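Below: one structure, written as structure tokens.
The values are calculated or read from the model by the stated rules, or taken from the named source; none is laboratory data. Everything quoted here is computed from the prediction, not taken from an experiment. Glycine gets a Cβ as well: all are built from the backbone with ideal geometry, and neighbour counts include every protein chain shown. Keep in mind that these areas ignore ligands, DNA and RNA; they rest on the heavy atoms of the full protein, side chains included. Shrake-Rupley method; radii C 1.70, N 1.55, O 1.52, S 1.80 Å.
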Amino acid sequence: MAQLSDDCFAFSGPLLRLDDMERLIAERIIPVAETERVRLHGARGRVAAADVKAPLDLPPFDNSAVDGYAVRHADLAADADTKLAIAGRLMAGGRAGQALEGGQAIRIFTGAAMPKGADTVFMQEDVTVEDGHVVVPKGLKAGANRRLAGEDTRAGAVALAAGTVLEAQHVALLAALGVTDIEVRRRLTVAIFSTGDEVVEPGAPRSGAAIYDANRYLLGELLGRLGAVVTDLGILPDNPERLANALREAASGHDLIVTSGGVSTGEADYVRTAVERVGSLVFWRVAIKPGRPVALGVIRGTSGHSAAFVGLPGTPVAVCVTFVRVVKVLLRRLSGARPDRLVALPVRAAFAYRKKKDRREYVRVVLVRNPDGEIEAVKHPQDGAGILTSLTETDGLLEFPEDVTTIEPGARVGFLSYASLVG
Ligand code: AMP
Ligand code: MG
């Protein structure tokens, strides 16, 4: 299980900037140590536990990038066509037995090994063939249309760095290198529950004052996409006793417990009281909007093992934003993954906006192409933190940095798609 000190989340400043939060997590949170070996099938989403060195050059041999004719560049006339005798034929997978002699060309197909002596390949579309000869034009550069052994990756080089979250392309690279299985960190185990006397399970009878639980479904899906093994502990009432018991039990079998609701100012006591009974708690006032204070803690389980605790706000949009900007950073670190590289793409704001300095703000937007061909971000008309359709009807979030206070229409701003945030 993850090794957590009781004060790993301690932070006493008034506001925690996102980059300080990222540093704090990197410095204080120790990833789970256990690893396992998995086959390539099913490795997507797992975290590489160690560097993987290429066992061979990729490609393993020089080969042709096109269907055409392999030649020796030294045979070619500098300013006229050159006529060469066709001396053989090489298919992909065929053995490159014969060497090319002066004045010869070899018919070659994509992926076939370059014959000895040949260094350049003409595309078949660019040549004319007549009675056993090929006429090639002037001007092709030496080495054209040839793939060099090791140009993709060299034997012995790190093909995949420790901490990489494996995507389809990483699995493909390992397969191309002949690797069959890989050492990965074990999956994180995460327990989730919702809190609130007003929250009921979808499908259950609902009184006039009750709402259906959206957050557990949101969290379950987000966590699942990140490769966590999720235990759904349902909905708990606003009762510190019941909350404390549930937390203590969950702490034994899990690396992390994530809850929503019960941490707003008026209600803070439910979760605070419960967590303080079974562990330690701090409130991070992360300098982002939306996202009210996020409660973090360490909970001692019945078996003596400790789990990390994150108490998110109750409103679904705040849950979503704090998840992708706070919980995900913690999860990645705990899982042994390198921090995500989030690159906001430049688009034009189609609206004016004022924000507080020293706070990073996220605005839900739809992207549209304006008549000039530029991509514009249109703000969703409803920006309440409880408006779920403001998430379902938009493409992603604009990210306004801490030092900015005014955004004018037409300003270049950074866009993060939901796909980039939740993947
Ligand atoms: P709280 O942080 O508990 O004060 O909740 C803030 C708001 O979020 C309230 O309007 C709650 O009813 C709502 N809320 C809390 N939990 C959920 C949930 N699981 N699903 C949907 N809305 C919720
Ligand atoms: Mg509540």
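Inside the stretch 304-345, residues that are part of a helix (DSSP H, G or I), within 16 Å of ligand 2 (Cβ to nearest atom) and open to solvent by 10 Å² or more (accessible area, probe 1.4 Å) make up a count of 1.
Checking the stated criteria, G314 turns out not to satisfy the condition of being on the phi > 0 side of the Ramachandran plot and out of contact with any Leu (no Cβ under 8 Å at 6 or more places or on another chain).
Kindly establish whether N215 is more than 27 Å from R333 (Cβ to Cβ), within 16 Å of ligand 2 (Cβ to nearest atom) and among the polar types (S, T, N, Q). Against the criterion (more than 27 Å from R333 (Cβ to Cβ), within 16 Å of ligand 2 (Cβ to nearest atom) and among the polar types (S, T, N, Q)), N215 does not qualify. Here E408, E402 are screened, and the one residue that is over 23 Å from C320 (Cα atoms) and away from ligand 2 (no atom under 16 Å from the Cβ) is E408.
The requirement of being under 30 Å from L188 (Cβ atoms), in contact with a Phe, Trp or Tyr (Cβ under 8 Å, 6 or more places away or on another chain) and modelled with pLDDT under 95 is fulfilled somewhere in the stretch 26-35, by at least one residue.
Is there a residue being under 24 Å from the mean Cα position of the chain (by Cα) and either open to solvent by 60 Å² or more (accessible area, probe 1.4 Å) or within 16 Å of ligand 1 (Cβ to nearest atom) (or both) anywhere in the stretch 350-367? The answer is no; no qualifying residue exists. List pairs: first in the stretch 400-418 and part of a loop (DSSP other than H, G, I, E, B), second of a type in the set (F, W, Y), Cβ under 8 Å, 6+ apart or cross-chain? Matching pairs, first to second residue: P409/F351. Looking at L100, is it open to solvent by less than 70 Å² (accessible area, probe 1.4 Å), touching a Lys or Arg at 6+ places or on another chain (Cβ under 7 Å) and without any contact (Cβ under 8 Å) to a residue 40 or more places away in the chain? Yes, satisfied. One residue stands out among those in the stretch 307-330 that are of a type in the set (V, I, T) and under 21 Å from L24 (Cβ atoms): the one that is farthest from the chain's Cα centre (by Cα), which is V310. T195 satisfies every condition listed in (1) closer than 30 Å to S420 by Cα; (2) more than 31 Å from the chain's Cα centre (by Cα) except (2). Just one of the numbered conditions (1) over 25 Å from G220 (Cβ atoms); (2) in a loop (DSSP other than H, G, I, E, B) is not true of V282: (2). Restricting attention to the stretch 281-303 and to residues that are away from ligand 2 (no atom under 16 Å from the Cβ), open to solvent by less than 30 Å² (accessible area, probe 1.4 Å) and hydrophobic (A, V, I, L, M, F, W, C), the residue that is farthest from D7 (Cα to Cα) turns out to be I288.
All but one of (1) within 30 Å of I30 (Cβ to Cβ); (2) in contact with a helix residue (DSSP H, G or I) (Cβ under 8 Å, 6 or more places away or on another chain) hold for R341, so report the exception by its number. It fails just one condition, (2).
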